[in-house]
Amino acid sequence: MQPVEIKKNIYWVGAVDWNLRNFHGYSLARQGTTYNAYLVKDEKTALFDSVPATHTEEFLHTLRSIIDPAAIDYLVVNHVEPDHSGALPKLVELVKPEKIFCSPVGKQTLLSHYHREDWPYEVVPSGQTLNLGQRTVHFLETRMLHWPDSMFSFLPEDKLLISSDAFGQNWAASERFDDQVDLGALLDLSANYYANIILPFSPLVQKLLAKIKELGWEIEMIAPDHGFIWRSHAAEIVAKYDQWSRQIPGRKAVIVYDTMWKSTETMAKAIAEGLIKTGISTRIMHLKNAHHSDVMPEIMHAQAVLFGSSTHNNGMLPLVADMLTYMKGLKPQGKIGAVFGSYGWSGEAVKQITEILQSAKVEIVVDGLRVKNVPTVLDLEECMEFGSKVAREIIARVPE
Ligand code: FEO
């Protein structure tokens, strides 16, 4: 990839990963991703972040087209996760940096990843600045966004925020800027990224947005470590982060299920009828067709999540267990839930799922519904009423 000048003397120099399809459990089946690094040329030249070890040569090729790595003075590590630091050993060898700037936790994390006591670390806690000549860099620790070591680098003279994982998306593309692609699709992928990466840290997002306001940073451009650079819609993505981190749901329900012989599926559809006729926007997701990371954005926007599973070997179906584990880890807040499923002789799945949802702080608002083998007409009427009951609970909680 060619470098792209994003501000005068500031360049995107990352790598595009067209082939990545699974980022530790997050399916990128549609888009791949980019690893963004930024080179700032000034009296001192600094390189912000890098790429995974797998993309080192491609990255160096891009970098060398505008600078000899040996001419770089400083490396800045905003985030140590290997998708942004894997190239570091090679870079340090070529650049021989005067200093490697990182957060206090960043230094410990770099040491435990690369075991190099001899690198010239310079720890920069929140509030510390770095003078590059015509411009300064202001550092702000952003712990748990997305790791404890994460930090932002803000360049006030350029009104540029280099934001690490925050405000990113996974979308491999030849374009670099938000106004070069469809904004709706970009925000949709940003929501998908938020639901799968940032969601558990939503209270910290609220604090971070308040901190940025308090600091009075005038941000014109946001350059994240994944995806597109926000040069025309920076305010929109910040507003979306404010909205998503508040976790205010819509009048919406998601029915997530797996089924053996379609009885649980038949129940799911009848329950959906009950929800829909009571005025709730409803999404049905069969886990054999929907990856858990595609379900999460739907859950993020919904007030209610309904889980269905046949009972299989005295338990729930494996894809349902997978979905519950994934969802619980992402800690969606303020959800209500309900559980249903068919069974042949023992029927433990409903109880087991209910217990897991309760442990994930999902409020169970209707008693679990089980049907033996194939649902009858009466059973399906009960399923519809089950859906209507959940709908009324949603309506009671979510203003129109
Ligand atoms: Fe893109 Fe937390 O790494």
Of the candidates 293, 309, 281, which one comes out as most mobile in a Gaussian network treatment of the chain with C-alpha springs shorter than 10 Å?
281
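If you stretched the chain out fully between residue 235 and residue 289, how much longer would it get, using 0.36 nm times the residue separation minus the C-alpha to C-alpha distance?
Numbers: separation 54, 0.36 × 54 = 19.44 nm, distance 3.52 nm.
So the extension gain works out to 15.9 nm.
Quick one: dipole size for region 229-349, taken about the Cα centre, charges +1 on Lys/Arg Cβ and -1 on Asp/Glu Cβ, in debye to the nearest 20.
Approximately 320 debye in magnitude.
Using the Cβ atoms and a cut-off under 15 Å, what net charge is assigned to the surroundings of residue 396, where Lys and Arg are +1 and Asp and Glu are -1? Write out the running numbers ahead of the final one.
On the way: positive: 251, 252, 335, 389, 392, 397; negative: 363, 393, 400.
Value of the local net charge: +3.
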Considering the dipole of the chain built from charges on the beta carbon (Lys and Arg +1, Asp and Glu -1) around the Cα centre, which of 82, 171, 284 is farthest to its positive end?
284
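Between residue 378 and residue 206, what's the calculated FRET efficiency when r is the beta-carbon distance and R0 is 51 Å? Round to 0.05. Write out the running numbers ahead of the final one.
Numbers: r = 48 Å, r/R0 = 0.93.
Step by step, r from the Cβ atoms, then E = 0.60.
What does the charge count near residue 127 come to, summing +1 for each Lys or Arg and -1 for each Asp or Glu among other residues with Cβ under 15 Å from its Cβ? Don't skip to the answer; put the middle values down first.
Numbers: positive: 143, 211; negative: 122, 141, 214.
Overall, the nearby charge balance is -1.
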Given the Cα-Cα distance of residue 113 and residue 187 and 0.36 nm per residue of separation, how much length would full extension add, in nm?
23.3 nm
Region 282-400 - charge dipole about Cα centre, Lys and Arg +1 at Cβ, Asp and Glu -1, debye rounded to 20:
260
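Is there a pair in 211/240; 207/361; 44/211; 252/351 whose C-alpha atoms are over 19 Å apart, and which pairs would that be? Mind dumping the intermediate values first?
Details: 211/240 17 Å; 207/361 22 Å; 44/211 28 Å; 252/351 24 Å.
Long pairs (Cα-Cα over 19 Å): 207/361; 44/211; 252/351.
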About the Cα centre, charge dipole magnitude for region 4-246 (Lys/Arg +1, Asp/Glu -1 at Cβ), debye
320
Would you mind counting up the charge near residue 2? Only other residues with Cβ under 15 Å from its Cβ, with Lys and Arg at +1 and Asp and Glu at -1.
-1
What is the distance in Å between the Cα centres of region 354-368 and region 106-155?
41
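For an R0 of 41 angstrom, estimate the FRET efficiency from the Cβ-Cβ distance between residue 174 and residue 365 and round to the nearest 0.05.
Plugging the Cβ-Cβ distance into 1/(1 + (r/R0)^6) gives 0.30.
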What residues have an amide H closer than 5 Å to that of residue 177, excluding those fewer than 5 places away on the same chain, when H is modeled at 1.01 Å from N in the peptide plane?
229
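Throughout, read-outs are computed from the coordinates displayed, never taken from laboratory work. Keep in mind it's a predicted model, so treat the numbers as computed, not measured. Note that each Cβ is placed from the backbone with ideal geometry, even for glycine, and that neighbours are counted across all protein chains shown.
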